[in-house]
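What follows is a set of notes on a single structure, which appears directly below.
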Amino acid sequence: MDISRRDLLKAGLTVAAGGLLMPRVAGALSRPLGPTSLFETSRASRLSPGTLLAHGDLHNHSLHSDGDGDPTLAFASMSSAGLDVAALTDHSTLSWGLAQSACAGNKDCQSVAGIDDASWAAQQLLADGANVDEEFIAMRGFEWSSPTIGHMNVWFSERWIDPLHTGGGGTGEGAAQFAHEEGNFPIEQMAALDAIVRAAPTTGAGMALFYEWLTADPSRPVYGGGADGLAGFNHPGREPGRFSHFRNLGLGPSIRDRVVSLEIFNRREDYIFEGTGSVAQSPLNECLNAGWRVGLAGVTDEHGTDWGHPEGKGRTGLWVTDLTRAGVREAMAARRFFATNQRGLRVDATANGVRMGTPQDHPSGPMTFALDIDRGAEWVGKELMVQVLRSGERLPAVQENRIVVVPSSEQSVITFTTDIDRADGDWVVLRITDPAGQPDGRADATWASFGPAVAYASPFYLA
């Protein structure tokens with residue numbers, strides 16, 4: 001019987017400174033965002049001079065792991081779809097250090113084993129061959145894929161590693177959620193079990209070796225390290241271990257600086273609701289309350305052969321000073337990006353003049369938000385809603401919900417003021433929804449009334 005990696009997963013196996021820089025307006029960034037016949041959206045923010053908008057997809061797969069498509073075709077497909085930045089991030093699962101020929105020609109074997117040294121090197125050649133500064137940025141990455149704890153992308157690293165050699169096994173995290181959802185065990189009993197697991201001293205141990213690898217020098221003997229890379233939490237909560245409930249194990253800035261993103265849109269799903277019908281919190285709420293300082297990303301997580309083309313899947317809007325790998329990396333490290341599922345959408349946001357993703361000193365008091373939204377002529381006058389999200393328990397708390405109208409370029413940007421107290425949590429997220437759209441089926445009556453999300457600004461962090 002052929003067993004794929006997905007079968008195994010199903011089985012449940014055990015910045016203000018940036019605003020002073022002037023971007024080079026050339027190549028792709030000199031053209032309107034998206035297919036010009038549809039949107040002609042300007043790439044320039046009306047709030048933050050000095051950067052221009054590039055749309056990217058940072059999470060894609062190929063035959064190098066469990067995707068269906070020839071990796072030699074991936075970057076051309078994403079470029080033709082109008083993306084400015086694209087990454088191939090095939091799974092790493094079992095095959096670090098194995099003979100490179102172990103799965104040669106065997107798709108089912110490759111699907112389970114993931115990348116090896118040969119495919120890792122091949123992806124760099126493909127990315128280098130497709131990359132053209134100021135036109136299209138092609139990047140190599142890998143997806144560290146634990147079937148129980150979660151998946152994390154790593155970009156820009158020289159080395160790669162897999163869960164088999166860096167722990168990647170849970171110590172009970174997610175067992176209560178799994179038992180409730182798959183075994184129909186009573187939620188009250190499973191909530192008690194979840195509390196016990198969270199309090200256990202072993203909670204978090206499964207992520208320790210990977211986080212240690214991520215902060216180690218690439219030249220370290222044997223396993224190397226990923227300190228030259230950036231990482232992100234993928235489809236958070238799909239694997240019930242939830243990155244050991246997002247514990248950072250006391251590593252502080254050394255790991256927090258490396259982990260720059262949380263996927264809030266993956267394929268066509270809004271992960272704010274993941275697991276909230278069970279004993280779990282919203283991954284957004286749980287991650288930010290645990291102290292991580294991530295930006296919010298949208299990705300297609302494409303496993304097919306039409307990379308970049310399907311409508312309605314996630315993508316990430318990156319505010320770059322120049323369209324190069326270094327420029328993309330700098331924007332990611334600064335959390336200067338937003339998540340959307342709309343082609344051609346521009347979003348920028350400030351709070352008291354400080355751009356999204358940037359920490360600011362705000363103990364309490366009024367906070368004035370400015371929101372730049374544009375998707376060309378077809379969205380001028382469109383009614384949207386903006387939720388101001390704060391720290392909550394199961395889901396983020398909705399401090400305020402505003403009806404807004406998308407302005408034309410001749411009209412003022414959207415602004416509103418609300419009181420924000422750091423005592424209620426050290427983060428704020430703006431969620432933009434379309435009240436005319438079909439709400440998420442997991443949303444309760446209040447959240448359903450907002451309609452589906454079309455974008456998330458990266459969080460504002462309060463010091």
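Couple of notes before you dig in:
- Boolean, residue 422 is at pLDDT below 95 and surrounded by fewer than 19 Cβ atoms within 10 Å (Cβ to Cβ): no
- Tally of residues being crowded, with 16+ Cβ neighbours inside 10 Å, at pLDDT 95 or above and closer than 24 Å to residue 32 by Cβ across region 376-412: 5
- Yes/no for residue 293 being touching a helix residue (DSSP H, G or I) at 6+ places or on another chain (Cβ under 9 Å) and either surrounded by fewer than 21 Cβ atoms within 10 Å (Cβ to Cβ) or modelled with pLDDT of 95 or more (or both): yes
- Output for region 147-161, where each listed residue is farther than 17 Å from residue 283 by Cβ and assigned to a strand (DSSP E or B): 154, 155
- Within region 70-81, the set of residues being within 23 Å of residue 92 (Cβ to Cβ) and touching a strand residue (DSSP E or B) at 6+ places or on another chain (Cβ under 8 Å) comprises 71, 74, 75, 78.
- Residue count, region 199-222 (criterion: in contact with a helix residue (DSSP H, G or I) (Cβ under 6 Å, 6 or more places away or on another chain) and aromatic (Phe, Trp, Tyr)): 1
- Subset of region 147-174 (residues that are charged (D, E, K, R) and modelled with pLDDT of 95 or more): 158, 159
- Between 358, 305, the distinction of being touching a helix residue (DSSP H, G or I) at 6+ places or on another chain (Cβ under 7 Å) and either within 19 Å of residue 453 (Cβ to Cβ) or surrounded by fewer than 23 Cβ atoms within 10 Å (Cβ to Cβ) (or both) belongs to 358 only.
- Identity of the residue in region 325-346, within 16 Å of the chain's Cα centre (by Cα) and in a strand (DSSP E or B), that ends up nearest to residue 124 (Cα to Cα): 337
- Test: residue in region 123-146 that is in contact with a strand residue (DSSP E or B) (Cβ under 9 Å, 6 or more places away or on another chain), in a loop (DSSP other than H, G, I, E, B), modelled with pLDDT of 95 or more and within 30 Å of residue 33 (Cα to Cα): yes
- Residue within region 38-58 that is under 30 Å from residue 122 (Cα atoms), in a loop (DSSP other than H, G, I, E, B) and at pLDDT below 95 present: no
- Residue among 365, 376 that alone is touching a Gly at 6+ places or on another chain (Cβ under 7 Å) and on the phi > 0 side of the Ramachandran plot: 376
- Strands (runs of 3 or more DSSP E) wholly inside region 350-410 containing at least 2 residues that are under 21 Å from residue 435 (Cβ atoms) and touching a Pro at 6+ places or on another chain (Cβ under 8 Å): 383-390
- Within region 317-330, considering residues that are in contact with a Gly (Cβ under 8 Å, 6 or more places away or on another chain) and over 16 Å from residue 42 (Cα atoms), the one surrounded by the most Cβ atoms within 10 Å (Cβ to Cβ): 328
- Hey, residue 84 under 19 Å from the mean Cα position of the chain (by Cα), charged (D, E, K, R) and either crowded, with 22+ Cβ neighbours inside 10 Å or under 15 Å from residue 130 (Cα atoms) (or both) or not: yes
The values are calculated or read from the model by the stated rules, or taken from the named source; none is laboratory data. What you see is a predicted model; the values in this text were computed from it and never measured. Neighbour counts run over all protein chains shown; Cβ positions are idealised from the backbone, glycine included.
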